[in-house]
1. Looking only at residues in the stretch 158-172 that are part of a helix (DSSP H, G or I) and touching a residue at least 12 places away in the same chain (Cβ under 8 Å), which one is surrounded by the fewest Cβ atoms within 10 Å (Cβ to Cβ)?
2. Leu141 versus (1) over 30 Å from Arg79 (Cα atoms); (2) surrounded by 20 or more Cβ atoms within 10 Å (Cβ to Cβ): which is the lone unmet condition?
3. Go through the stretch 48-68 and report how many residues are farther than 29 Å from Ser196 by Cβ and touching a Lys or Arg at 6+ places or on another chain (Cβ under 7 Å).
4. So for the stretch 91-101 (the condition being at pLDDT below 80 and touching an Asp or Glu at 6+ places or on another chain (Cβ under 7 Å)), does at least one residue qualify?
5. Taking the stretch 173-226 on its own, how many of its residues are part of a strand (DSSP E or B) and surrounded by fewer than 15 Cβ atoms within 10 Å (Cβ to Cβ)?
6. Quick one: Ala48 ticks every box in (1) modelled with pLDDT of 85 or more; (2) in contact with a helix residue (DSSP H, G or I) (Cβ under 6 Å, 6 or more places away or on another chain) except a single one, so which number is it?
7. Within the stretch 145-157, identify whether any single residue is assigned to a strand (DSSP E or B) and either over 11 Å from the mean Cα position of the chain (by Cα) or not acidic (Asp, Glu) (or both), and answer yes or no.
Amino acid sequence: MELAMVDDTRWVGAKIEWQRRGRVRLRRLSSADLGLLSQARGATMGRAQIFEAWPKPASVDALMREYPELQLAVEVDQRVVGGLLCQPVRSASAEVLHPWSRREPLVARAEEKRSSGEEVLRGTGAVLLASVSAREAQMALRVGRQLLVQQRGAESTISVVRSVGWRDWSEARGPVSAEAYLQQVHARAVEDARLSVFLDAGYVMRGYWQVGDAIDVMMCWTYRAH
């Protein structure tokens, strides 16, 4: 069955291409890409945009070996500027949280297969260099992850994203609870450099928990054909 594509994209072999402006392209991640990303991140880590924590090399190798078709390189003007990693997990009640609920971080297990239940693609790493604009990052997340969900007939894609604006916002305006801050971000009254990109990409907040003075938020995009 042929699935409807995300608008402004087309599937060409193993490549995902954004056609409107021709600057952003997503394709299957290669070992050479990982080397380039490692060098670039080492040189510009202070300015890299880490939307999802990048896993350790052994975990990346396992993902590349077990699910190579789900690991994407992001190019801008034919230059590798980032990578998106994900893996399939089984859908379960613990993975679909009520808005604003507090939960312990989920532990994704790579061995969980589609036969265990409805498949969910969990983002396990998303890093883009600082030169990538918010619009380009939003397109990469929307096209890359959501098109993979449609292609596989999965239920949804989820990501755990750490807010980068709560502390500064609280320092500027006085103590503000995590829930109050997230409600402001959700209402688009406050811009969060990470969370707002996911919201612009069509994700919704499904839950959060505090990690010290940081907030981790579960973002979810559900394939509406289900």
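The values are calculated or read from the model by the stated rules, or taken from the named source; none is laboratory data. Only a predicted model underlies this, so the values are computations on that prediction, with no experimental measurement involved. Here Cβ is always computed from backbone atoms with ideal geometry, including for glycine, and neighbour counts include all displayed protein chains.
1. Arg167
2. So the condition that Leu141 fails would be (1).
3. Summing the residues that are farther than 29 Å from Ser196 by Cβ and touching a Lys or Arg at 6+ places or on another chain (Cβ under 7 Å) in the stretch 48-68 gives 1.
4. Yes, the stretch 91-101 contains a residue that is at pLDDT below 80 and touching an Asp or Glu at 6+ places or on another chain (Cβ under 7 Å).
5. Qualifying residue count for the region: 4.
6. For Ala48, the exception is condition (1).
7. Within the stretch 145-157 (the criterion being assigned to a strand (DSSP E or B) and either over 11 Å from the mean Cα position of the chain (by Cα) or not acidic (Asp, Glu) (or both)), the answer is yes, since at least one residue qualifies.
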